[in-house]
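Undergrad: My structure is below; once you've seen it, I'll send some questions.
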Ligand SMILES: C[S@@+](CC[C@H](N)C(=O)[O-])C[C@H]1O[C@@H](n2cnc3c(N)ncnc32)[C@H](O)[C@@H]1O
């Protein structure tokens, strides 16, 4: 089944995003101390219109990249830009349905915030199956802060995305519902925009 929610916003998504939340693209370009020589298989989930692919292709020169995005319109934009790259495999599907193996780095760029809490377990399961033992999760997203200004910014975000999500959401999901499903260690963390946006590198352990 195709995800049509972003059809309306896809043409101007990046302009809107960069205007309201310029730190999103900064967080997406944060690779911490990942050694590109050790990364041969990378997956980016909920990659949107694909501007994240540029820094990923530049940084991880030896990697094959699986680009997973359920919205047809977002995917079209990404393919228009990078469809000729032999290093990218485009998969128009939901995160909970991905079926990959031995991924060195799974990139989750501002996608967990859109996953309903009731789906977090299924999503965590498909991610964990796909990432190899001692592989990494590169997570970037909003963090809920309690001060009034941060709450207002978050509210603006959710109001902008209301027509596409089809529901009014006032706060972020609890990311522990995702990370609580597998063994991992936080390797490093960088925060942006007065700590309303974070980029975190986790290492995954399987036994
Ligand atoms: C807020 S946008 C972020 C896009 C891009 N990563 C960025 O940072 O600009 C969330 C993206 O996740 C996608 N998405 C929504 N539900 C998803 C799911 N269940 N699995 C994977 N991607 C999903 C949407 O289509 C959308 O492109």
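Undergrad: Any chance you could count how many residues in the stretch 173-187 are touching a helix residue (DSSP H, G or I) at 6+ places or on another chain (Cβ under 7 Å) and not in a helix (DSSP H, G or I)?
TA: Going through the stretch 173-187, the residues touching a helix residue (DSSP H, G or I) at 6+ places or on another chain (Cβ under 7 Å) turn out to be 173-175, 177-178, 181-182.
The next check asks that each one be not in a helix (DSSP H, G or I); those that pass are 173-175, 181-182.
Residues that pass the stated criteria total 5.
Undergrad: On the given criteria, is residue 165 modelled with pLDDT under 80, under 22 Å from residue 47 (Cα atoms) and either crowded, with 19+ Cβ neighbours inside 10 Å or within 18 Å of the chain's Cα centre (by Cα) (or both)?
TA: Yes; evaluated as a whole, the condition is true for this residue.
Undergrad: Look at residue 96 and say whether it is in a helix (DSSP H, G or I), out of contact with any strand residue (DSSP E or B) (no Cβ under 9 Å at 6 or more places or on another chain) and within 8 Å of the ligand (Cβ to nearest atom).
TA: Details: in a helix (DSSP H, G or I): yes; out of contact with any strand residue (DSSP E or B) (no Cβ under 9 Å at 6 or more places or on another chain): yes; within 8 Å of the ligand (Cβ to nearest atom): yes.
In short, yes.
Undergrad: Residue by residue through the stretch 1-42, note down the ones that are part of a loop (DSSP other than H, G, I, E, B), within 13 Å of the ligand (Cβ to nearest atom) and loosely packed, with under 14 Cβ neighbours inside 10 Å.
TA: Correct list: 1, 2, 4, 8, 22.
Undergrad: Residue by residue through the stretch 44-73, note down the ones that are closer than 11 Å to residue 87 by Cα, assigned to a loop (DSSP other than H, G, I, E, B) and touching a strand residue (DSSP E or B) at 6+ places or on another chain (Cβ under 9 Å).
TA: Selection gives 60, 63.
Undergrad: Identify, please: which residue in the stretch 99-136 is in contact with a strand residue (DSSP E or B) (Cβ under 9 Å, 6 or more places away or on another chain), assigned to a loop (DSSP other than H, G, I, E, B) and more than 9 Å from the ligand (Cβ to nearest atom) and is, among those, nearest to residue 45 (Cα to Cα)?
TA: 100
Undergrad: Is it the case that residue 45 is near the ligand (Cβ under 8 Å from one of its atoms), touching a helix residue (DSSP H, G or I) at 6+ places or on another chain (Cβ under 6 Å) and closer than 25 Å to residue 144 by Cα?
TA: On the way: near the ligand (Cβ under 8 Å from one of its atoms): yes; touching a helix residue (DSSP H, G or I) at 6+ places or on another chain (Cβ under 6 Å): yes; closer than 25 Å to residue 144 by Cα: yes.
For residue 45, the condition - near the ligand (Cβ under 8 Å from one of its atoms), touching a helix residue (DSSP H, G or I) at 6+ places or on another chain (Cβ under 6 Å) and closer than 25 Å to residue 144 by Cα - is met.
Undergrad: Would you pick out the residues in the stretch 74-86 that are free of Cβ contacts under 8 Å to residues at least 40 places away in the same chain, surrounded by 13 or more Cβ atoms within 10 Å (Cβ to Cβ) and either outside any loop (DSSP other than H, G, I, E, B) or under 19 Å from the mean Cα position of the chain (by Cα) (or both)? Give the derivation first.
TA: Just the residues of the stretch 74-86 that are free of Cβ contacts under 8 Å to residues at least 40 places away in the same chain, to begin with: 75, 78-86.
With the extra rule that they be surrounded by 13 or more Cβ atoms within 10 Å (Cβ to Cβ), the set shrinks to 75, 78-79, 81-82, 85.
Across the stretch 74-86, the qualifying residues are 75, 78, 79, 81, 82.
Undergrad: Is it true that residue 63 is in contact with a helix residue (DSSP H, G or I) (Cβ under 8 Å, 6 or more places away or on another chain), more than 13 Å from the ligand (Cβ to nearest atom) and touching a residue at least 40 places away in the same chain (Cβ under 8 Å)? It would help to see each step written out before you state the result.
TA: Values: in contact with a helix residue (DSSP H, G or I) (Cβ under 8 Å, 6 or more places away or on another chain): yes; more than 13 Å from the ligand (Cβ to nearest atom): yes; touching a residue at least 40 places away in the same chain (Cβ under 8 Å): yes.
When the stated conditions are applied, residue 63 passes them.
The values are calculated or read from the model by the stated rules, or taken from the named source; none is laboratory data. The model shown is predicted, which means the values in this text are computed figures rather than measured ones. Using ideal geometry, Cβ is built from the backbone for each residue, glycine included, and neighbour counts are taken over all protein chains shown.
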